[in-house]
Amino acid sequence: MPRRDPNRVWELVHGYQALASRFPQFTLTEIGVVERFGLRFPVLAGSVGDGPRSAIILAGTHGDEIAGPLALRQFWEDAATHAMLARCRILFLPLINPVGYARGIRGNGNVDLNRHFERPTAQPENEIVLDFLRRERAELLVSLHEDVSAHCFYMYESGVRERALFSQIIADDVALLDAIESQGYAVCAGNQVDGNYNRNGLVVSNPGSVRASRSGALEPTLLRHGVIRRVVGFETPGRLPLSDRIQQQLVALRHVLESFLV
């Protein structure tokens, strides 16, 4: 079992507290507390901007996928990020699974959180996140993940109902994958990734499918209940150095949010 390192969590928490003290428009709230195996951590939610559009960013669902939480903190340090805040309100949860993050494991020590939303075995973390997202509905959800066994980048796209908008979204996803490749990174080209049909790095998900409804994952749960209109998920390759994975998350996150605001 990986050695526990609670300081990894507190470094993130203190980093976000410092951001909140530096930027008046940056609101940070403790939306819950999780306690397990002698570890006790807050679950934080942030809010930035007051524009007419709305998006939510999630990171740290799986504790061994560390690039997302680190990239999201770096994202807020960038002056270019703050330039878009006049056009939208961005909510974010930087670390959904602090216990798993502290222990370097996928789940929270009991279960994989992203397989237990709206199930009898749902964990306190699941309930904290769902309660927050039901209150704070948004047009777009961006979910930062990693495939710890992969050497290549891929992404999930739920799209929207409108045919014209859907075609625009897919075209923009292709542009994002091209941007990842232009920086010298590999995009997954196999016929399947994680059991899903792969279109050269793009997996178009169906939240209404039987598989999705049984998965217990957060994204199809939110889509089915109309809490979110569109979900995008990034899977950076865990076999690459951490600095490369963070860079991929930043490229993808900026691209999707900027195109969302056009």
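Any read-out appearing in this document is the output of simple, stated calculations on the displayed coordinates, not a laboratory observation. All of these numbers come straight from a predicted model, not from anything done at the bench. Ideal geometry is used to build each Cβ from the backbone, glycine not excepted, and the neighbour counts take in all protein chains shown.
What order do you get for HIS62, HIS225 when you list them from fewest to most C-beta neighbours inside 10 Å?
The fewest-first ordering by Cβ neighbours comes to HIS225, HIS62.
Send over the Kirkwood Rh of region 10-78, from the inverse of the averaged 1/r over different Cα pairs, rounded to one decimal Å.
Taking the inverse mean of 1/r over all distinct Cα pairs, region 10-78 comes out at 13.4 Å.
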Check your understanding: Stretched out fully, how many nm does the piece from GLU139 to LEU19 gain, at 0.36 nm a residue minus the Cα gap?
Key -> 40.7 nm
Check your understanding: Along its principal axes, what span do the Cα atoms of the chain show, with the longest given first and each in whole Å?
Key -> 48, 40, 37
Review point. Okay, helix-only estimate at 222 nm for the chain: each DSSP H run of n ≥ 4 adds -39500 (n - 2.57), divide by all residues, round to 500 deg cm²/dmol; what do you get?
Key: -12000 deg cm²/dmol
Exercise for review: No other cysteine beta carbon under 4.7 Å away is the test; run it over the chain and list who passes.
Suggested key: CYS88
Review point. When only Cα pairs under 8 Å and 6 or more residues apart are kept, what is the percent relative contact order across region 21-114?
Key: 34 percent
Exercise for review: Specify the inter-centroid distance of region 143-178 and region 18-97, based on alpha-carbon positions, in whole Å.
Suggested key: 22 Å
Study note, to complete from the structure: Relative contact order as a percentage, the chain, C-alpha pairs under 8 Å and 6+ apart, gives 21 percent
Point to revise | Pair GLU118, SER47: separation of 7 Å Cα→Cβ label points (nm) | key: 2.5 nm
Review point. Which whole number of Å³ per residue matches the convex hull of the alpha-carbon atoms in region 166-262?
Key: 120 Å³
Check your understanding: Kirkwood hydrodynamic radius of region 54-188 from all distinct Cα pairs, in Å?
Key -> 16.7 Å
